[in-house]
Ligand code: FPP
């Protein structure tokens, strides 16, 4: 099946978010250590990024490292940090060539200095690129993000800068790490797990969810196109009726 040919370019999602899962299981299936799966997962990151950029999708958010991932064996955490550093160092020129801007969400203060520095450098270098906005979630969890937003808002109230009666949904959205991005239209999760796992809980309120058994290291451009075709077959009602949407 040529999935790409089936994509309606007039109905592309503006923002796709991905929970990249199954690296460990894929490595195990190959008789290899987990880190081998993460390394192979970088190829899939490249494929998804290229596919999104080529199609003209504006935002791609990738869940690369969760707050909970800090609890993994230290050796695996170190290997992931190393992989992030090497990948960003190696790919920055390609991001520049393709007009891709790199951004992060999450508690990046917790990252090792070298990881923080390389991301900072890449973000600064790519900050004027206005093609695909590639958002990497690092040391991110949605409950952490919402808690931080509540603290910021409470502080503004305390300082007399914000009136409680004026707090609405926009106020909350504006205090999240994702304040400058639209909510995702489509969330993809690989590896057959049917969970959200503390990812963008507020932002996913009306997002279409797509789950595939495919493990992340096997997630090719074709798999990405297939998810988009599936998304385009859905009717997004945002709480309205079908008839209201047809009007
Ligand atoms: C989940 O698989 C994957 C991760 C926790 C890490 C994902 C990170 C990468 C692919 C590297 C990203 C690089 C860039 C530049 C964004 P898992 O280990 O939870 O797999 P399992 O569920 O099979 O154990």
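The values are calculated or read from the model by the stated rules, or taken from the named source; none is laboratory data. Computed from a prediction, not measured in an experiment: that's the story for all the values here. Glycine gets a Cβ as well: all are built from the backbone with ideal geometry, and neighbour counts include every protein chain shown.
Taking residue 99, is it part of a helix (DSSP H, G or I), surrounded by fewer than 17 Cβ atoms within 10 Å (Cβ to Cβ) and modelled with pLDDT of 95 or more? Taking the combined requirement at face value, the residue does not satisfy it. Within the stretch 17-34, how many residues are part of a helix (DSSP H, G or I) and either near the ligand (Cβ under 8 Å from one of its atoms) or surrounded by 19 or more Cβ atoms within 10 Å (Cβ to Cβ) (or both)? Of the residues in that region, 7 qualify. Exactly one residue out of 190, 147, 104, 178 is surrounded by 17 or more Cβ atoms within 10 Å (Cβ to Cβ) and either farther than 28 Å from residue 234 by Cβ or free of Cβ contacts under 8 Å to residues at least 12 places away in the same chain (or both): that is 104. Listed by first and then second residue, the pairs with beta-carbon distance under 7 Å, at least 6 apart or on different chains, first residue in the stretch 154-172 and touching a residue at least 12 places away in the same chain (Cβ under 8 Å) and at negative phi, second exposed (fewer than 10 other Cβ atoms within 10 Å of the Cβ) and part of a helix (DSSP H, G or I), form an empty list. For the stretch 54-76, what are the residues that are farther than 22 Å from residue 187 by Cβ and more than 10 Å from the ligand (Cβ to nearest atom)? Answer for the stretch 54-76, where residues must be farther than 22 Å from residue 187 by Cβ and more than 10 Å from the ligand (Cβ to nearest atom): 70, 71, 73, 74, 75. Condition (residue is out of contact with any helix residue (DSSP H, G or I) (no Cβ under 7 Å at 6 or more places or on another chain), under 14 Å from residue 224 (Cβ atoms), within 11 Å of the ligand (Cβ to nearest atom) and not in a loop (DSSP other than H, G, I, E, B)) applied to the stretch 46-53: is it met by at least one residue? The answer is yes, given that some residue of the stretch 46-53 is out of contact with any helix residue (DSSP H, G or I) (no Cβ under 7 Å at 6 or more places or on another chain), under 14 Å from residue 224 (Cβ atoms), within 11 Å of the ligand (Cβ to nearest atom) and not in a loop (DSSP other than H, G, I, E, B).
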